[in-house]
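Peer 1: Sharing a structure below in C-alpha cells format, with a few things to ask.
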4 protein chains.
Amino acid sequence: MSELRIAVVGAGLMGSDHIIRIENRIVGASVAAVVEPDEGRAKAALAEAPEAVWFPNIEAAIAAGGIDAVLIATPGQFHEPVLLPALAAGLPILCEKPLTPDSASSMRMVEAEVATGKQLIQVGFMRRFDAGYQSLKELISSNGQGELLGLHCAHRNPEVPESYHNDMLIFDSVVHEIDIVRFLTDSPIKSVEVKAMKRNSNNHEGFNDPILVLLTTQSDVLATVEMNVSVKFGYQVKTEAVFENGIAEIGRTSGMNTWFEGQIGTAEHMSFKTRFAAAYDAQIQRWVNATKRGEIDGPSAWDGYLAAAAVEAGLEALHTGQRVDANYASKPAFYN
Amino acid sequence: MSELRIAVVGAGLMGSDHIIRIENRIVGASVAAVVEPDEGRAKAALAEAPEAVWFPNIEAAIAAGGIDAVLIATPGQFHEPVLLPALAAGLPILCEKPLTPDSASSMRMVEAEVATGKQLIQVGFMRRFDAGYQSLKELISSNGQGELLGLHCAHRNPEVPESYHNDMLIFDSVVHEIDIVRFLTDSPIKSVEVKAMKRNSNNHEGFNDPILVLLTTQSDVLATVEMNVSVKFGYQVKTEAVFENGIAEIGRTSGMNTWFEGQIGTAEHMSFKTRFAAAYDAQIQRWVNATKRGEIDGPSAWDGYLAAAAVEAGLEALHTGQRVDANYASKPAFYN
Amino acid sequence: MSELRIAVVGAGLMGSDHIIRIENRIVGASVAAVVEPDEGRAKAALAEAPEAVWFPNIEAAIAAGGIDAVLIATPGQFHEPVLLPALAAGLPILCEKPLTPDSASSMRMVEAEVATGKQLIQVGFMRRFDAGYQSLKELISSNGQGELLGLHCAHRNPEVPESYHNDMLIFDSVVHEIDIVRFLTDSPIKSVEVKAMKRNSNNHEGFNDPILVLLTTQSDVLATVEMNVSVKFGYQVKTEAVFENGIAEIGRTSGMNTWFEGQIGTAEHMSFKTRFAAAYDAQIQRWVNATKRGEIDGPSAWDGYLAAAAVEAGLEALHTGQRVDANYASKPAFYN
Amino acid sequence: MSELRIAVVGAGLMGSDHIIRIENRIVGASVAAVVEPDEGRAKAALAEAPEAVWFPNIEAAIAAGGIDAVLIATPGQFHEPVLLPALAAGLPILCEKPLTPDSASSMRMVEAEVATGKQLIQVGFMRRFDAGYQSLKELISSNGQGELLGLHCAHRNPEVPESYHNDMLIFDSVVHEIDIVRFLTDSPIKSVEVKAMKRNSNNHEGFNDPILVLLTTQSDVLATVEMNVSVKFGYQVKTEAVFENGIAEIGRTSGMNTWFEGQIGTAEHMSFKTRFAAAYDAQIQRWVNATKRGEIDGPSAWDGYLAAAAVEAGLEALHTGQRVDANYASKPAFYN
C-alpha cells in the first residue's frame, strides 16, 4: 500500500488540524474522506484536502469505499457510533482521547475490538510521542538514577472558555496525566484524591481552579498533579521525576534567550498547539507507518479503558474529597 | 555598645559554626563565652575565639557577667533550661530552631518571655534571611502576579545518619517549611496531611522516606512539600509559587556553567552549609544589629510556638495518615 | 505534479542521509534515481529507496527520464560536472554547500543558470532553516532591540578526522558562518581576518586549531567566529547577537534536565546530525514544495557565489594573517 | 591589633561606598579618618562613620597619627600624591584601580615601594575576588578540561555619562579585563588590538561604542573583549573560557525565575554595585585580614604597573587600528 487513505471524522478544531497535518507533514498518507455533518466545516476542510470526498456520516464513507483507515476527531461522547461501524468494517482507527466518556462504554469498545480478532484501535494520548516524556521514560527504564519514587506534574493553561466546568478538569485535562503516569511507570492508577488549592479569583463563578490531584500507581509511585487552567502566563506541561539517586525534569521551554529591559527571558508556549506540535506529528506518522504494517504503535483501546476507569475514580474524588480507588475489569488476554 | 558580647551555648556542629561566623564575618559582635559541658568541644571552640571564656552551664556564664546576649545552639530538647535563666537575666537570645520540642513547652517560653515585659527571643528559622525566599516574599507582597494560590516545595538531602528516624522528617526538617510557608503567606498552618511516596530502597530498615506533606494555611493556600533526605545527588531546597497570573521559582543552583563530556553542567549544593551560608550570616548580623537597638529582627518566640503546634499536627498526620488540624492558643497581645 | 521524483547524486554520508530523509520524512517527494559510480554505495542506498533506479552518472539519469529534480550530495569539487548537465536539462537542483570550491567556478554556474532564463539552483546552507537562526533573523528584522551591532559565533566540533587540514577550517566550516552572517544581516561579507588562538595540543601535527575569524559585513556589523573542531565535549553551534538595546543568544541545548552526582546537567549534542536534524528536514521539505511551484525557497546560486568569494578572502586571511577584502562581481539583474 | 584603623582618601562615589562597607560589613576594621578636601562630601561621609576624623589632605592625617592603613578612592590622576606620603609613612595601602594613569608614574610607585623594603600597596582589581572568576581560575589551575586556549569576555553597561569618551573604554573599562585575563592565565598581556563594531546610534556624537578588543597573553591565549557601555538592557560582565576538552562560562545572572506574560525571566543586574557587591566586600575583608598579618592579599603595585603598560598599548591600538605590543620593564626581584 503506497499511500494510506484516511477518513477524518470531525472537521472542528482538532479535525481540521489533523487534516492540515496529514496533507502537509505526514509521509505516505492522504485525506481521502472528510466525515462531518456540518456543511460549512466540511467545505473549509476540503479546501485543505482538495482530493478528499465529503460524507455526512461514517456509514456513508465506508459504503463508498476508498478508505484504508479512520481518524476520529469529534468530542468523546460521539466516538462510539463511529467506532462501532469502523470496527465492523475492519478499519484501523486512531481515536482522539478519550476513547469514550466512561468506563462502561469504553469496555464495550474493547469487547467490540476483541470480537474483530485484531487490534484496530489506537487512542490519541499524544504525550507519549513527546520527546521530553520519551527521554524520561528511557531514564526510568534504564534505572540510571535508581527506581522512580514519585512524580510532580504541572498542567497549566492560560485560560479556558466559560463552558469549561469543574468535572472537565478531570476528564478533559487530568486524563492526560492519568495516561502518561501509567505510561511512565508501566503501572495503572490505583487511587485518586483531589485537594483544593486557593481559588483563582479570575475564574467564572462556580469554577474552582486550580486543584491538586494525587495519583498513586499500583506500583506505589505517588504523582502530584497541579491542574491549573487559568494561569494566564502561558501553556506549560512539565514533569519532575524523583528517583532514589537523582531528579529529572522535562517540559521547560527552550529557544532564543534575550537580555532586554533588565531581564533574561525565554518565550513560553501559549498553547498546546506549539507545545505538542511535534508530538502530534510523530503520533500520526508512526500510526500511519504502523497501520501499513497491520499494527498499532501507541496506546490501545485497553489503555483507553483504563484511563476511563481512572477518570471515574477521579470524578468521584473531586466530588467527595475522598481518596477513591479505581476499579478495573480483568485485562483480556487479547491485549497481552 | 560598641561590640555585642555573645555567649554561645553548645559547641557542637551548629555552635562551632556560629562561633567561627561571629568571630570572622559578623561586624560588631564577638564571642565572649562558650557554654558547653564537654571540655573537648569547649577547647576546640576556644581555639576559634581565643578571648572567650569557657563555662560549663549558662548559670555560671550569667553569674560571671560580661555577656550581652545569648545564642543557643544545642539540640531542641535542651533549650528550655537555657532559655529560662537567660530570660530571667533579661538577656536577648537567638535560639536555634526549634524553640522547644513541643507546643506545651514552647508556650511556657512564650509566657516566660511575656513575663519579662520585653521581646527577648528570636528563633533561628534562617530561611527567612535567604535571598531567594526574600525575593519571593516581595513578589507575594507586591501582588505583582496576582494572589498566591499554592506552593510546591522540595527539601532534599543527600543522606542522613542511621539515627535519623521517621518523626524527624517532620520535627527536624518539615518544620522549616512550616515556618517559611507561614512567613511567605503571612498565615498560620491550618492543617497537615502526610502521604507516602514510594520508599527509597537505600534507606535503613524502618525508615520510610521520601514523604509528601500537604500544608494548608488559614488563608487557604495549599503547599505541597516533598520531604526527601536520602536522594544522594545533592542538597536542594526550592519552592515554586503559583499565582493567579504567573509562576515563580526559587532555589535553583547558580554558578559556573561547564560544557564537558557531552553535558552542560552546573554544580549542585551538597550541604545546607553552602546552600544557606549567606542566610546564616545575614540572620546573625541582623540579630546583632537589632539587639544593639534593643529589638529582635526575625521570627519571635510566638513564631516558635506556632511552629511547634503545627509540628504536633504533622506528627499526628504522619502516624495516622489523616488530615490533622493544628490547635493554637490565642496570640498574646504582647506579640502584636 | 503529485510526487516530486528526485535524483540523488552521491550516496555517501550526506547522500544516504538525504535518501532516508526523502523516503521517510518528506511529503510529496520520492527518490527516483540514485546517481553513484560506486556500486556498493549505490546498492546500500537502493535498500532505503527500493523503487529508485541506479545510474552511474547524471547524464544517464537524465537520458532515462522520469526525474523532476536533482539533489547533489557529492563533495564540492564534483559539483560542476553535475550542475551543468542538470541545468542544461532544465532541472531544479538542490546542491549541497559549497556550490563549487572557488569563486571562478561558482561564477560559471551563475552564468550557466542565467543562461537558462530561470532560477534552478538552491544551495544547501541548511542553517537558514534552523529555528534558532530564524528567531534571530526575525528579531533583527523587527528592530525590536534596535539595530544589530555585532555577532559572536562559536562553531565547535568534538573532533575531525586526520584528513581535516587547516584550509578546511575556512572552506568547509567557516563557510557556514559566512553564509549565515550574511543571511542575518542581509549584507555580504566585506572583509575577513584570522587570528590564532592557543593551539589545542590534542591535534595532529601541522593542524592549528582553534582559530578566531573576524568577519565584517558591508553594513559594518562585526562578527567574531570561534572555529574549533577538536573540543571533545560535544557539537555546538551558537550565536550571540549584540543590539543597541539588548542581547539575544541562540544555539543553547535544551532537553531533559537532570540532578545527579552533585550536578545539574543537560545533554549537549555530539554531532551536527542531531543539532541540525530539523533544519535539514525543513530545508528539503520547503525545497520540494517550492520546486513544485516552479520556484526556489532558499539560498540561490548567487548566494553560493558570494560565499565562494568570501571563502577565498578567508583563505588568504588565514595564510597571510592580514585583513583581506572580498572581491565580488556585480550582481546580475537576474537575481534581483 | 584588634581593629584596623583606616584612613579613607576621597569621599566621592567609591569612597563613600567603601566607608559604608567598612563600618557595616567588614570585621575588625573601622574608618578612623576621612581625607577629603571638599567639606560637604567629608561631612556626608562622617555621618556614616561618626568616630572618624576629617582631614583635608593625607599629610595632615598621617601627622595626626591614629591610622593603621590607607584606602585610596580618588580618581587615578590623584593617586601619586597620596601614595608617596603613605609609603613614606610605612602605611599599608589599598589603592583603587588604576594604580596611576600611565606606566611611567606606575613605575615610580613601584620604585617607591621597593625603596621601603616591604610590599605595602594592593591595587583594587576587585574582580579577582568575584566567586565566578575564582571558580574559573580554579578550573584553569586544575587542568580539569585541559589547557586554556582562549577567552571570550563581554563587559556591558546600560549607559555612561556624556563625559565618558573613547579612551575611557580602554583605561577605565578594558583595564579590568587586562588584569583579569592576566590573573586567569598567569601571563601578562603581550599585545592589544582594537576593532570597531557597528556604532550604537544612541551614543553622543564622537563616541564610538561598542568595540572589540583582542588581547593576547605571552602564553598565547587569545582573549576577545566586547567592550560596550551603552547597551541599555543591564549591567553584565561575563567570560567564556575555551579549553582543549570543554568550555566554561561565568557571569550569568541568577536569582528567582518567573513565568509571566508569555516569558520565563530572571532579573539582570543594572549596575556594578549589585554585580560585584560581594567581590568588593571580600576584597576589603581579605585586605584587612592580611594587613593585620603584615601582608597584602591581592594584586600588587607590580600588577598595577603591568596593567598601566598594557593600557598604553591598548590606547595606541585604539588610535592606530594596529596590533600593538605592550612594553614592560623587568620585574624587580622584590616582587618574586
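Taken together, the values in this text are just the output of simple stated rules run on the coordinates, not laboratory data. The structure displayed is predicted, hence computed values, not measured ones. As a convention, Cβ positions derive from the backbone with ideal geometry for all residues, glycine included, and neighbour counts pool all protein chains shown.
Peer 1: Based on Cβ point charges of +1 for Lys and Arg and -1 for Asp and Glu, what charge dipole magnitude is obtained for the range A:116-168 about its Cα centre, in debye rounded to the nearest 20?
Peer 2: 280 debye
Peer 1: Once you have a ≥ b ≥ c as the square roots of the Cα gyration tensor eigenvalues for the range D:205-297, tell me rounded if a/c is under 1.5, and otherwise prolate or oblate according to whether a/b is larger than b/c.
Peer 2: Here the range D:205-297 falls in the oblate category.
Peer 1: A further question follows. Dipole magnitude of the range C:155-257 about its Cα centre, charges +1 at Lys/Arg Cβ and -1 at Asp/Glu Cβ only, in debye to the nearest 20?
Peer 2: It works out to roughly 240 debye.
Peer 1: Shifting gears a bit: Net charge near C:ARG182: determine it from the other residues with C-beta under 12 Å of the C-beta of C:ARG182, scoring Lys and Arg +1 and Asp and Glu -1.
Peer 2: For residues surrounding C:ARG182, the net value is 0.
Peer 1: Label the protein assembly as shown by shape, choosing from rounded, prolate and oblate, from the square roots a ≥ b ≥ c of the eigenvalues of the Cα gyration tensor; if a/c is under 1.5 it is rounded, and otherwise prolate applies when a/b is larger than b/c, oblate when it is not.
Peer 2: Oblate shape, in that a/c is at least 1.5 and b/c is the bigger or equal ratio.
Peer 1: Let me ask something additional. In nm, to one decimal, how far is the modelled label at C:ALA47 from the one at C:ALA104, with both set 7 Å along Cα→Cβ?
Peer 2: Distance between label points: 4.3 nm.
Peer 1: Please report, in cubic angstrom per residue, the volume enclosed by the convex hull of the alpha-carbon atoms of the range C:145-287.
Peer 2: Considering the Cα atoms of the range C:145-287, their hull volume per residue is 160 Å³.
Peer 1: For peptide B:265-271, what's the mean number of Cβ atoms from other chains within 10 Å of each residue's Cβ?
Peer 2: 5
Peer 1: So how compact is the range C:66-119: Cα radius of gyration and Dmax in angstrom?
Peer 2: 10.4, 33
Peer 1: Using the crude model of +1 on Lys and Arg Cβ and -1 on Asp and Glu Cβ, and no other charge, please compute the dipole size for the protein assembly as shown relative to its Cα centre, in debye to 20.
Peer 2: Its charge dipole is roughly 0 debye.
Peer 1: On to the next question. Distance in nm between label sites at A:ASP186 and C:THR320, each 7 Å beyond Cα in the beta-carbon direction?
Peer 2: About 6.5 nm separates the two model spin labels.
Peer 1: Another question, if that's okay. For each of B:ILE62, B:ILE178, count neighbouring Cβ atoms within 10 Å of the residue's Cβ, then give the residues from fewest to most.
Peer 2: B:ILE62, B:ILE178
Peer 1: Copy-to-copy spacing for D:GLU51, label 7 Å out on the Cα-to-C-beta vector, in nm, shortest first?
Peer 2: When each copy's label point is compared with this one, the spacings are 1.1, 9.2, 9.3 nm.
Peer 1: Okay, next question. For peptide B:220-228, what's the mean number of Cβ atoms from other chains within 10 Å of each residue's Cβ?
Peer 2: Per residue, the average neighbour count from other chains is 4.
Peer 1: Here's something else I'd like to know. Can you give the calculated 222 nm mean residue ellipticity of chain B, where each DSSP H run of n ≥ 4 adds -39,500 (n - 2.57) and the sum is split over every residue, rounded to the nearest 500 deg cm²/dmol?
Peer 2: It comes out at -10500 deg cm²/dmol, rounded to the nearest 500.
Peer 1: If you don't mind, there's one more thing I want to ask. Where the centroid of each part is defined by its Cα atoms, how far is the range A:34-92 from the range B:34-75 in Å?
Peer 2: The range A:34-92 and the range B:34-75 have Cα centres spaced 84 Å from each other.
Peer 1: Can you work out the Karplus-derived ³J(HN,Hα) for every residue in the range B:97-102? Use 6.51 cos²θ - 1.76 cosθ + 1.60 with θ = phi - 60°, whole Hz, and x for glycine or proline.
Peer 2: 6, x, 3, 8, x, 9
Peer 1: Rounded to whole Hz and in sequence order, give me ³J(HN,Hα) for the range C:29-35 from the Karplus expression 6.51 cos²θ - 1.76 cosθ + 1.60, θ = phi - 60°, writing x for Gly and Pro.
Peer 2: These are the phi-based 3J(HN,Hα) values: 8, 8, 7, 9, 8, 10, 9 Hz.
Peer 1: Take every Cα pair under 8 Å in the range A:232-328 that's 6+ residues apart, average their separations, divide by the length, and report that relative contact order as a whole percent.
Peer 2: 16 percent
Peer 1: Once you have a ≥ b ≥ c as the square roots of the Cα gyration tensor eigenvalues for the range C:249-336, tell me rounded if a/c is under 1.5, and otherwise prolate or oblate according to whether a/b is larger than b/c.
Peer 2: oblate
Peer 1: Run the simple label-point estimate for A:LEU84 and B:ALA64 please: 7 Å along Cα→C-beta, distance reported in nm.
Peer 2: A separation of 9.2 nm, rounded to one decimal place.
Peer 1: All other residues with a Cβ under 9 Å from the Cβ of A:ALA307 taken together, and with Lys, Arg as +1 and Asp, Glu as -1, what is their net charge?
Peer 2: Counting the neighbours of A:ALA307, the net charge comes to 0.
Peer 1: While we're on this one: Please report which chain C residue places its beta carbon nearest the axis carrying chain C onto chain B, with the distance rounded to a whole angstrom.
Peer 2: Nearest to the symmetry axis by Cβ: C:GLY265, 2.
Peer 1: Something else about it: What ranking of D:MET14, B:MET256 emerges when the number of other C-beta atoms within 10 Å of each C-beta is taken as an exposure proxy, fewest first?
Peer 2: D:MET14, B:MET256
Peer 1: By count of other Cβ within 10 Å, fewest leading, how are B:TYR305, A:TYR335, D:TYR133 ordered?
Peer 2: A:TYR335, D:TYR133, B:TYR305
Peer 1: Could you derive backbone 3J(HN,Hα) for the range A:271-276 from the dihedral phi with the Karplus parameters 6.51, -1.76 and 1.60 (θ = phi - 60°), listing whole Hz in sequence and x where the residue is Gly or Pro?
Peer 2: 7, 4, 4, 7, 4, 10
Peer 1: Apply the Kirkwood formula to the range D:277-319: the hydrodynamic radius equals the inverse of the mean of 1/r over all pairs of different alpha-carbon atoms; give it in Å with one decimal.
Peer 2: 12.2 Å
Peer 1: Using the alpha-carbon atoms, what tilt in degrees (0 to 90, nearest 10) does helix C:39-48 show relative to the longest principal axis of chain C?
Peer 2: 90 degrees
Peer 1: Okay, moving on. Would you mind giving the mean number of other chain beta-carbons within 10 Å of the Cβ of each residue in D:125-134, as a whole number?
Peer 2: 1
Peer 1: Let me ask you something else. Mind listing the label-point distances from B:SER135 to the same position on all other copies, shortest first, one decimal in nm, points 7 Å along Cα→Cβ?
Peer 2: Result, one decimal in nm: 1.4, 2.0, 2.3.
Peer 1: Once the label point is set 7 Å along the Cα-to-beta-carbon vector, what list of distances in nm do you get between D:SER201 and its counterparts in the other copies?
Peer 2: Distances to the matching label points in the other copies: 4.5, 5.0, 6.6 nm.
Peer 1: On to the next question. Around C:ARG5, with a cut-off of 14 angstrom between Cβ atoms, what is the net charge of the other residues, counting Lys and Arg +1 and Asp and Glu -1?
Peer 2: -3
Peer 1: Further question on the same structure: D:ALA29's amide H: which non-local residues (gap 5+, or another chain) put their own amide H closer than 5 Å, with H modeled 1.01 Å from N in plane and none for Pro or chain starts?
Peer 2: Sorted by chain and number, the residues that satisfy this are D:LEU4.
Peer 1: Relative contact order for chain A using alpha-carbon pairs under 8 Å, separation at least 6, rounded to a whole percent?
Peer 2: 19 percent
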